Amino acid sequence: MFGLNKKQLSEDKQGTALKLKENGNQRKLYLESYGCQMNFSDSEIVASVLEKNGFDTTPNIDDADLVLINTCSIRDKAEQKIRNRLKAFHSIKKQKPQLTIGILGCMAERLKSKFLEEEKLVDLVVGPDSYRDLPNLIKQVDDGRKAVNVILSKEETYADISPVRLGGNGITSFVSIMRGCDNMCTFCVVPFTRGRERSRNPKSIISEVKKLVENNYKEVTLLGQNVDSYLWCGGGLKKEFNNLSKEEQGKSVNFAQLLDLVASNCPKIRIRFSTSHPKDMTDDVLHTMTKHQNICKYIHLPVQSGSSRILNLMNRGYSREWYLNRINSIRKIIPNCGISMDIITGFCTESKKDHKETLSLMEKVKYNFGYMFKYSERPNTLAQRKLKDNVSDKIKSKRLTEIINLQQSHSFERNQQEIGEVHNVLIEGVSKKSKNKLFGRNTQNTVVVFPKETYKPGDYVNVLVESCTTATLIGTTI
Ligand code: SAM
Ligand code: SF4
C-alpha cells in the first residue's frame, strides 16, 4: 500500500496497543489493532466491554493477563504481519503459561477454529460480531477450554455500547454507522469477514456524537464500508428492506438524511465520513454537504480502476463513465471539494491498455491524494475462484510505481494551487518534524503545518499558505 495521506488507514497507528485510564481492575488487557479505521473503532468497543468485566488496559505486554490482537485480512501482507505477531505472543506464553491469547476481527472470522486446531497459537477466536460474548468466552478459557465465537449477526451494531475513547488525540474520533457489506466486489474479503450490511439506529449515532461534543471532541468521522448505502428502517439487514410495508419503508432514514440529522443536531462538531461508493453516492448527499458548514468538503471515492472492463470483472457496479459523471457532480455542486481515491493495480487480466485507462482517469480527476495497492488474491473471494491472478508481480510493481508517481505530481499540483490562499484548520497536534510547529487539517482533509505561537490542539486557526510539499501545505497563521 502506498498512501499520500495517512489518516484514513492510520499507517502510523498500526499495531499500537490501547492505553486507557486505570479503573482499578485486577486483570490487565494488552490490545493491539491492525487494519482499517473500523477495526480501531471496534477495539474501543472491545475495551469498553472488557472494562466492565474486570480488565484495565496496559501498553506493556509483560504486565498482561490477556493479549488480544484485532486483525485485518484485506491483503496477504496484512495477514503475514499478524502471523508474525502471534508467533511472538506464543513465545511469551511459553514463559508465562497462564497468559490468555486471543485473536479478534477479520482474520479470526476468515480462519475460524483453524487457529485452535492447526496452528495452536491462540486460546480465543472471536469474530467482529461477537465482542459482547467476550466475557463468557474468557470465562471458558479460564475454566481450561479453548473458545470460539465467529457467528455473524443480522442485527449487531453495538449501538448501545459506548466506546472507551482515550486512545486517540481527544480531538478527532470515529463513529460506526453501519456494519458489513453487501457488495461482493470480486477481489474483496470484507463481505465474508464482516457479514451482511446492517445500519445503526440514527438516534444512537446522534447521541454518541453529542457525547463526543460534551467531551470536547472537535471532529467526527462517520464510518461504514459503503456509507451511501446506509438505510435505517428499524433494524436488521438492508437486503430485507423490500419485504417491509410501504409505511415502514416511508419511515426509513438514508445517508443524506442521517448526515443532515447529525449536522443539525451537533453543530459544534466538524463531520467527515468514509467510505463513499461511486455506485450509490447521490446528489442528495452532495447537497446536504453544501447545506451544512460543519460537514467537511471532502470525499473519499475509491475508483479501483479506470477501465470499465476491469471494473466489470471487479463487480464494482459502475463504469468509467459513471464514475466520471459522479466526479462532475461533485465538482459542480461542491466546487472546492477535496477528493481522494483507492486504486488496485494488476487485477486479474489487467492489460497495458486497462492500466493506461487508469492513468488517464487519474489525469481527468487530478485527485488530492490516494491509496494505491497491488492486487493481492484473497482465498475464497469470487476473483480467486473464477479469475486468474495472471499479472506478474514485476508488472504490478511497475504499474504501481507509475500510478504513485502520477498521483504525487497531481497532489503537488493541487497543493501548489493553494499557495496564497487562506485555510481554516482544526489543529490536531505537534508536527512530527518540528516541535515548534503544529499541524491540522483543512476541510479538504489536507495536512497544514504552521508555527506554534500560542495555539494548541483543538483550536481552529486561519493559515495563509506560503509553500507546500506533495502531502502538506505550509504557512503562517493570520
Ligand atoms: N469499502 C470500501 C470501498 O468499497 O471502497 C473499501 C474497503 S477496503 C478495506 C479498502 C481498500 O482496500 C479498497 O478500496 C481496495 O482498494 C483495497 N483492497 C481491497 N481488497 C484488496 C485486494 N484483494 N488486493 C489489494 N487491495 C485491496
Ligand atoms: Fe469490499 Fe467492495 Fe464492500 Fe468495499 S464495497 S468492502 S471493496 S466488497
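What follows is calculated from the coordinates using simple rules that are stated; it is not laboratory data. Fair warning: this is a prediction, and the values are worked out from it, not measured in the lab. Note that we place each Cβ from the backbone using ideal geometry, even for glycine, and neighbour counts take in every protein chain shown.
Starting from the Cα of residue 432, draw a straight line to each of the lysines and keep only those under 19 Å, dropping any in the same chain fewer than 8 residues away.
6, 7, 13, 452, 456
Cβ neighbours within 10 Å, averaged per peptide: list 285-298, 185-198 in order, most packed at the top. Before the final figure, lay out the partial values.
On the way: 285-298: 18.1, 185-198: 21.4.
Ranking, from highest mean packing down: 185-198, 285-298.
Name the long-range amide H neighbours of residue 306: under 5 Å, sequence gap of 5 or more, or other chain; modelled H, no Pro or chain starts.
Here the answer is 358, since their amide H atoms fall under 5 Å of that of residue 306.
Sticking to Cα atoms, compute the Rg of region 258-314 to one decimal and its Dmax as the biggest Cα-Cα distance, whole number, in Å.
Cα radius of gyration and Dmax of region 258-314 are 14.2, 45 Å respectively.
Could you work out the Rg to Rh ratio of region 92-179, with Rh taken as the Kirkwood radius (inverse of the mean 1/r over all Cα pairs)? List each step's numbers first, then the result.
On the way: Rg = 15.0 Å, Rh = 14.7 Å.
Taking Rg over the Kirkwood Rh, I get 1.03.
For the chain, what is the relative contact order in percent, using Cα pairs closer than 8 Å and at least 6 residues apart in sequence? Present the calculation step by step, with values, prior to reporting the outcome.
Values: 991 pairs, mean separation 53.1, N = 478.
Across the chain, relative contact order equals 11 percent.
Multiply the residue gap between residue 87 and residue 363 by 0.36 nm, knock off their C-alpha separation, and tell me the result in nm, one decimal place. Numbers along the way, then the final one.
Working: separation 276, 0.36 × 276 = 99.36 nm, distance 4.44 nm.
Extending this stretch completely gives an extra 94.9 nm.
Quote the Stokes-Einstein diffusion coefficient, in whole µm² s⁻¹, for region 106-156, based on the Kirkwood radius over alpha carbon pairs, a temperature of 20 °C and a viscosity of 1.002 mPa s.
Working: Rh = 11.1 Å.
After rounding, the answer is 193 µm²/s.
Over region 293-452, calculate the relative contact order: mean separation of alpha carbon pairs under 8 Å at least 6 apart, over the residue count, as a percent.
Working: 225 pairs, mean separation 35.2, N = 160.
Across region 293-452, relative contact order equals 22 percent.
Could you run the Debye sum over the Cα atoms of region 314-398, one equal point scatterer each and no solvent, and tell me log10 of I(q)/I(0) at q = 0.14, 0.20 Å⁻¹, two decimals?
Ignoring solvent entirely, the Cα scatterers give -0.58, -1.03.
Quick check: convex hull over the Cα atoms of the chain, volume per residue in Å³, rounded to an integer?
Details: hull volume 73.7 nm³, N = 478.
Convex hull volume per residue, Cα atoms: 154 Å³.
Over 25 Å between Cα atoms, which of 239/353; 203/246; 203/268; 364/386; 81/394 qualify?
As for pairs spanning more than 25 Å Cα to Cα, those are 239/353; 364/386.
Which percent of Cα pairs goes in each bin when the distances of region 249-392 are cut into 5 angstrom slices starting at zero?
Cα pair-distance distribution for region 249-392, in percent: 2, 9, 18, 19, 16, 13, 10, 8, 4, 1, 0.
Cα convex hull of region 358-425: mean projected area in nm², to one decimal? Don't jump to the answer; show the numbers that get you there.
Working: hull surface 27.0 nm².
Across all orientations, region 358-425 yields a mean hull projection of 6.8 nm².
For the pair residue 433/residue 294, report the inter-label distance in nm, with labels modelled 7 Å from Cα in the Cβ direction.
It is 3.4 nm.
Could you give the dipole magnitude of the chain about its Cα centre, charging the beta-carbon of Lys and Arg +1 and that of Asp and Glu -1, in debye to the nearest 20? Please list the in-between numbers first.
Details: 74 positive and 55 negative charges, 175 e Å.
Dipole magnitude for the chain comes out near 840 debye.
Principal axis lengths of region 329-368 from Cα atoms, whole Å, largest first?
For region 329-368, the Cα extents along the three principal axes come out at 36, 15, 15 Å.
Lone cysteines in the chain, defined as no other cysteine's Cβ under 4.7 Å from theirs: which are they?
36, 72, 106, 181, 233, 266, 296, 337, 348, 468
For region 422-474, evaluate the Debye formula with one uniform point scatterer on each Cα (no solvent term) and list log10 I(q)/I(0) at q = 0.16, 0.27, 0.28 Å⁻¹, rounded to two decimals.
-0.36, -1.10, -1.19
Above 18 Å lies some portion of the pair distances; for region 32-129, what is it as a whole percent of all C-alpha pairs?
Numbers: 2076 of 4753 pairs.
Tail of the P(r) past 18 Å holds 44 percent of the pairs.
Return the calculated 222 nm mean residue ellipticity for the chain, to the nearest 500 deg cm²/dmol, obtained by summing -39500 (n - 2.57) across DSSP H runs with n ≥ 4 and dividing by the residue count. All intermediate terms of the calculation are to be shown ahead of the outcome.
Numbers: 14 runs with 156 residues, N = 478.
Result for the chain: -10000 deg cm²/dmol, rounded to the nearest 500.
Skipping prolines and chain starts, which residues have an amide H placed within reach, meaning under 5 Å, of the one on residue 295, given they are 5 or more residues away or on another chain?
271
Counting only C-alpha contacts under 8 Å and six or more residues apart, can you give the relative contact order of region 150-222 as a whole percent?
Values: 82 pairs, mean separation 30.8, N = 73.
42 percent.
Expected output is a single nm value to one decimal: the length gained when fully extending between residue 139 and residue 94, i.e. 0.36 nm times separation in residues minus the C-alpha distance. What is it? Write down the numbers at each step before the final one.
Values: separation 45, 0.36 × 45 = 16.20 nm, distance 2.11 nm.
Full extension from residue 139 to residue 94 adds 14.1 nm.
What is the extension gain from residue 265 to residue 467, computed as 0.36 nm multiplied by their sequence separation minus the C-alpha to C-alpha distance, in nm to one decimal? Numbers along the way, then the final one.
Numbers: separation 202, 0.36 × 202 = 72.72 nm, distance 3.74 nm.
Roughly 69.0 nm would be gained on extension.
At 10 °C and 1.306 mPa s, grab the translational diffusion coefficient of region 155-285 from Stokes-Einstein with a Kirkwood Rh over Cα pairs, rounded to a whole number in µm² per second. Intermediate results must be reported in sequence, preceding the final value.
Details: Rh = 15.4 Å.
It diffuses with D of about 103 µm²/s by this estimate.
I'd like to compare 408-417, 99-108, 370-379: which one has the highest average count of other Cβ atoms within 10 Å, and what's the full order after that? Numbers along the way, then the final one.
Values: 408-417: 17.1, 99-108: 25.2, 370-379: 20.0.
Going by the mean number of other Cβ atoms within 10 Å, highest first, we get 99-108, 370-379, 408-417.
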